[in-house]
1. Among the residues of segment 35-46, is any in contact (Cβ under 8 Å) with a residue 40 or more places away in the chain, open to solvent by 50 Å² or more (accessible area, probe 1.4 Å) and farther than 23 Å from residue 67 by Cα?
2. Residue pairs, Cβ under 7 Å, 6 or more apart or interchain, first in segment 53-72 and touching a residue at least 60 places away in the same chain (Cβ under 8 Å), second assigned to a helix (DSSP H, G or I) and surrounded by fewer than 20 Cβ atoms within 10 Å (Cβ to Cβ). List them.
3. In segment 22-33, is there at least one residue being in contact with a Pro (Cβ under 9 Å, 6 or more places away or on another chain), of a type outside the set (A, V, I, L, M) and touching a residue at least 24 places away in the same chain (Cβ under 8 Å)?
4. Could you list, in sequence order, all residues of segment 76-125 that are closer than 26 Å to residue 48 by Cα and open to solvent by less than 30 Å² (accessible area, probe 1.4 Å)?
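The values are calculated or read from the model by the stated rules, or taken from the named source; none is laboratory data. Everything quoted here is computed from the prediction, not taken from an experiment. Heads up, the Cβs are rebuilt from the backbone with ideal geometry, glycines too, and the neighbour counts pull from every protein chain shown. We work out accessible area using only protein heavy atoms, side chains counted, and drop any ligands, DNA or RNA first. Shrake-Rupley method; radii C 1.70, N 1.55, O 1.52, S 1.80 Å.
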Amino acid sequence: MTLAYWCVLIVMLLPLVAAASAKLLGKMPASDNHDPRAFLDQVTGKAKRANNAQLNSHEIAPFFAAAIIIAQQIGQMAQSTIDVLAISFVISRVLYLIAYIADWASLRSLIWLAGLGLLISLFVLST
């Protein structure tokens, strides 16, 4: 399995990191996991931002997976280039989560745009 495919797995798991952060920051009791969605709907502050980061992570993951699969199937781009773009995207998503939770709105938007640029690069450079 390529490094880029491992990055897809990491990106698919990042929403779980954000969700766990939201629960911890919102001080959800470990013994009360009966209705976590209702709990996350009422959190505020950093917990709310962590939950929002989780939702955004779910939204972008299929785009990333498709970009990696398409780039590798077309075969016009060197695998090392795909891997570098994939690792860069993972780094951008981790930084995005940090910036979102820390409420660094402008930086978060710039990081999001950088990640989008990496995704677009996977498509454009593949053709």
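1. Yes, the conditions are met somewhere in segment 35-46.
2. 68/5
3. Yes, there is a match, as at least one residue in segment 22-33 is in contact with a Pro (Cβ under 9 Å, 6 or more places away or on another chain), of a type outside the set (A, V, I, L, M) and touching a residue at least 24 places away in the same chain (Cβ under 8 Å).
4. Those that are closer than 26 Å to residue 48 by Cα and open to solvent by less than 30 Å² (accessible area, probe 1.4 Å): 89, 90, 92, 93, 96, 97, 99, 111, 115.
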